[in-house]
Every structure is written in C-alpha cells, then in structure tokens.
1. If we keep just the residues of the stretch 60-95 that are over 16 Å from ILE23 (Cα atoms) and of a type in the set (Asp, Glu), which is surrounded by the most Cβ atoms within 10 Å (Cβ to Cβ)?
2. Pull up the stretch 118-148, narrow it to residues that are closer than 21 Å to MET47 by Cα and of a type in the set (Asp, Glu), then point me to the one that is surrounded by the most Cβ atoms within 10 Å (Cβ to Cβ).
3. Give the stretch 58-102 a look and list any residue that's more than 21 Å from GLN31 (Cβ to Cβ) and either of a type outside the set (A, V, I, L, M) or touching a residue at least 40 places away in the same chain (Cβ under 8 Å) (or both), or say none.
4. Are any residues in the stretch 106-137 touching a Ser or Thr at 6+ places or on another chain (Cβ under 8 Å) and not in a strand (DSSP E or B), and if so, which ones?
5. Scanning for something in contact with a Lys or Arg (Cβ under 6 Å, 6 or more places away or on another chain) and more than 21 Å from VAL123 (Cα to Cα), does the stretch 67-87 turn up at least one residue?
6. Got a sec? Which of TYR89, TYR25 is aromatic (Phe, Trp, Tyr) and out of contact with any Pro (no Cβ under 9 Å at 6 or more places or on another chain)?
Amino acid sequence: MPPDATAPTHPVAHTRPFGSLQISYDERLLQPRDWTTAQSYWAADLMGTAPEGPVLELCAGAGHIGLLAVATTPRDLVAVDVNPVACEYVARNAAAAGLVDRVEVRAGVIEDAIEPDERFAVVIADPPWVPHVETPRFPEDPLLAIDGGDDGLAIARSCVRAIGHHLAPGGSAVLQLGNNQQVASLTGLFTESGLCVRETRDYERGTLVRLDPV
C-alpha cells in the first residue's frame, strides 16, 4: 500500500561541524555558515578583557555562534530567540557540547526575554538582515531567519537597543550585518543607544561590528 501523501512529515535533523563543535539543525532554521565562526572567535577574544559576567546571544538560531564563543571560556551564556524550534536546538547543541550547565535558553522577543536590570559582559547579535523584497533570492533559507523587514534592519535595531541597555560597562558587543551600508544606516541609533563603533571587519557574506559603550 503506498504511503499516505497527506501524512505529516517530520523535519530531518542535520549535523555539521562549526569550529570545534558539531551543530544540529533542521530545515526550519538557517544552516550555520562557516564564515560566522569569525564572530564566535572575536567574541571569545573580547571575553579576555571584558568584565565579569555572562554572555548574551541575540537571535541565536541553532546557538552555534554563542556556543562556540563560550566553549573555551568559563563564561555562562544566555541565548535568546523568538523561534521555539531554535531554542530547542540551542538546548540540544549545548548538551552535545557539554555546556548544558552553562547555557540558559530563552524563547521570546528580545524586549520581553531580558530583565531590565540584567547586564552582560559580551553580547553577540546575529539578526536577520536581508531586506524583505530580496528574500526570494534565498528560497532555501527559512523566512523568519533572514527577513529583516523593509530595509533589512528591523530586528537589528532591536538588537542595538538591547545592547545599549544591557551591555555592562567595559563590555563589548559583536553585531553581524550584511554590509557597511547597513552599518552606516545605524550610526544615529548607535549614538542614541550610548554605543560607538570600535571596529568593523568585512567578509564575503557579511560584516561584523564591534560596539563598545561610549
């Protein structure tokens, strides 16, 4: 008897290396990009001179960037994502990496997932930054993971505001954007949020921005 074509199908989990880690994800999440290990390593380097305290990862996806960043440090990680599926995979990947005791996963929008008085030594942010009209160029990627709204910066703005409010004095953030034009578009918000661009690093598929408190 042929299989029932109307029967629900379950997403198939895949596992791939990401730096020293093995990261699991499925089609509902963005596949980890190899180049983004640079964001992990930069954040890990900043932890060496950052004040005491945990690390915050915004728009965590499968958690690969934040997990790799803290893997060789004693820091705790708070990972935030609006997608419950992403949060399930962060927990799964933390357990696989032997980091489950140091990782707290929170599902929800950024503004609701962080308490007003919480401060973090380092913040990692990987928001969707593709303008909405350009998302059809990437049919293999889940829309929630790449759609940054009309100008690609809707979620990035939420991340910048959160960084400005929750970054500890003496701490640093590493924000991923699409290009330097997007960095320039956020200049006013950086200033309004009490942040300055300390350094940018350009890669073939994106730009990383180090933000420090003014």
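Values quoted throughout were computed directly from the atomic coordinates according to the rules given, and no laboratory measurement underlies them. A quick note: this is a predicted structure, and the numbers were derived from the prediction, not measured. When we count neighbours, we look across all protein chains shown, and the Cβ atoms used for this are built from the backbone with ideal geometry, even at glycine.
1. ASP81
2. So, considering only residues that are closer than 21 Å to MET47 by Cα and of a type in the set (Asp, Glu), the one surrounded by the most Cβ atoms within 10 Å (Cβ to Cβ) is ASP126.
3. Result: THR72, THR73, PRO74, ARG75, ASP76, VAL78, GLY98, ASP101, ARG102.
4. VAL109, ILE110, GLU111, ASP126, PRO127
5. yes
6. TYR89
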